[in-house]
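Accompanying notes for the structure given below.
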Amino acid sequence: ASNRIRTLPVPAPRGTIYDRNGRIVADNVPGYSITILPGPADSVRATLQRIARYVDLPASRIEQLMANMRAYGREVVVDANVDFASVAALEERRGDFSGVYVAMRPRRRYLLGTAGGHVTGYVGEVTAEELATEAFPEEEYEAGMVVGKVGIERQYEATLQGTQGVRYVEFDARGRIVGDFGGVEARPPEPGEDLHLNLDMELQRWIHRIFPDTMSGAVVALDPSDGGVLALYSAPGYDPNAFVGGIPDSAWARLNEDEANPLFDRSVLGLYAPAS
């Protein structure tokens with residue numbers, strides 16, 4: 001039986017976000033992702049159910065992945081943020097997982113955590129609804145890519161987003177990876193551009209530290225000389241790191257059902273009388 005060659009996308013690292021003093025606000029660390037290639041529905045579903053023994057993959061997510069595969073007719077990212085232990089477990093049993101490949105993938109990291117959740121925003125996998133809008137043109141975006149969802153990540157998506165690379169991977173007749181195909185030159189990804197903010201990270205942290213836990217509200221600090229924003233704080237907040245690789249349904253429900261409304265950005269969307 002002859003081996004088959006497939007082109008697979010190589011995710012590009014997003015640009016690094018810096019504060020006014022050159023401190024890193026958001027960067028990338030090495031991560032792992034699991035992707036599954038299209039195939040007969042029954043066999044793909046059975047493989048996903050086997051993967052679910054090693055990674056958090058609820059039945060609802062399996063059905064969503066099956067629907068995505070039907071809609072796009074191409075590989076789908078099963079989990080964009082897998083820990084090394086799960087990767088090792090899958091690799092040890094590689095023969096059980098035809099059509100599955102594990103790859104290094106840049107993983108977003110937010111150094112301000114909850115102190116800066118509203119201002120940095122977070123990234124997530126692009127949705128079918130987003131791909132249908134002008135904000136995500138089809139010559140630059142495709143299913144499986146990670147994009148800015150809210151905050152600075154969304155506002156400066158076009159700057160921070162890099163250009164995906166391509167690798168050519170050889171599979172045997174059973175859909176197992178043989179290795180990279182040497183006959184065609186792979187194209188490395190191009191990282192996104194860096195972003196330098198006017199924000200002062202230490203001031204943002206200090207406000208978070210002194211802001212009373214029991215209160216909701218916002219703090220905006222401006223530079224009187226030029227009106228530049230030095231801090232933009234909203235409480236209660238959320239940790240954007242929880243969204244990297246996809247937030248679990250239970251955690252998303254908790255954030256949405258919280259009466260204090262931590263997802264609402266009071267510093268930008270709240271209506272307050274001046275000096276109140």
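Some points to look at:
- Residue within the stretch 149-163 that is modelled with pLDDT of 90 or more and within 30 Å of Asn3 (Cα to Cα) present: yes
- Of all the listed residues (Ala135, Ala173), the sole one being in a loop (DSSP other than H, G, I, E, B) and within 30 Å of Thr47 (Cα to Cα) is Ala173.
- Scanning the stretch 101-132 for residues that are closer than 27 Å to Met69 by Cβ, part of a helix (DSSP H, G or I) and of a type in the set (Gly, Ala, Ser) yields a total of 1.
- Scan of the stretch 167-223 for residues that are within 22 Å of Gly121 (Cα to Cα) and of a type in the set (Lys, Arg), ordered by number: Arg205, Arg209
- Annotation note: of Gly192, Gly237, the sole residue that is outside any helix (DSSP H, G or I), in contact with a His (Cβ under 6 Å, 6 or more places away or on another chain) and either charged (D, E, K, R) or at pLDDT 70 or above (or both) is Gly237.
- Of residues in the stretch 1-17 being among the charged types (D, E, K, R) and closer than 18 Å to Arg174 by Cβ, the one surrounded by the fewest Cβ atoms within 10 Å (Cβ to Cβ): Arg4
- Residues that are in contact with a helix residue (DSSP H, G or I) (Cβ under 8 Å, 6 or more places away or on another chain), outside any strand (DSSP E or B) and on the phi < 0 side of the Ramachandran plot within the stretch 84-100 comprise Leu90, Asp96, Phe97, Ser98, listed in sequence order.
- Checking each residue in the stretch 58-83 for being in a helix (DSSP H, G or I) and in contact with an Asp or Glu (Cβ under 9 Å, 6 or more places away or on another chain) picks out Ser60, Arg61, Met69, Tyr72.
- The number of residues in the stretch 17-50 that are closer than 28 Å to Ile152 by Cβ and either more than 23 Å from the chain's Cα centre (by Cα) or assigned to a helix (DSSP H, G or I) (or both) comes to 3.
- Against the test of being exposed (fewer than 13 other Cβ atoms within 10 Å of the Cβ) and acidic (Asp, Glu), the options Glu193, Glu170, Glu142, Glu129 yield a single qualifying residue, Glu129.
- In this structure, Gly116 qualifies as buried (at least 16 other Cβ atoms within 10 Å of the Cβ), at pLDDT 85 or above, within 30 Å of Met201 (Cα to Cα) and more than 15 Å from the chain's Cα centre (by Cα).
- Qualifying positions in the stretch 186-232 - free of Cβ contacts under 8 Å to residues at least 60 places away in the same chain and among the hydrophobic types (A, V, I, L, M, F, W, C): Leu203, Trp206, Ile210, Phe211, Met215, Ala218, Val219, Val220, Ala221, Leu222, Val229, Ala231
- For the stretch 18-43, a residue qualifies if it is closer than 23 Å to Phe97 by Cα, touching a helix residue (DSSP H, G or I) at 6+ places or on another chain (Cβ under 8 Å) and surrounded by 21 or more Cβ atoms within 10 Å (Cβ to Cβ), and the qualifying residues are Ile34, Ile36.
- Check on Glu170, acidic (Asp, Glu) and either over 26 Å from Val29 (Cβ atoms) or in contact with a helix residue (DSSP H, G or I) (Cβ under 8 Å, 6 or more places away or on another chain) (or both): yes
The values are calculated or read from the model by the stated rules, or taken from the named source; none is laboratory data. If you're wondering where the values come from, they're calculated on a predicted model, not measured in any experiment. Methodologically, a virtual Cβ is constructed for each residue, glycine included, from the backbone with ideal geometry; neighbour enumeration extends over all protein chains shown.
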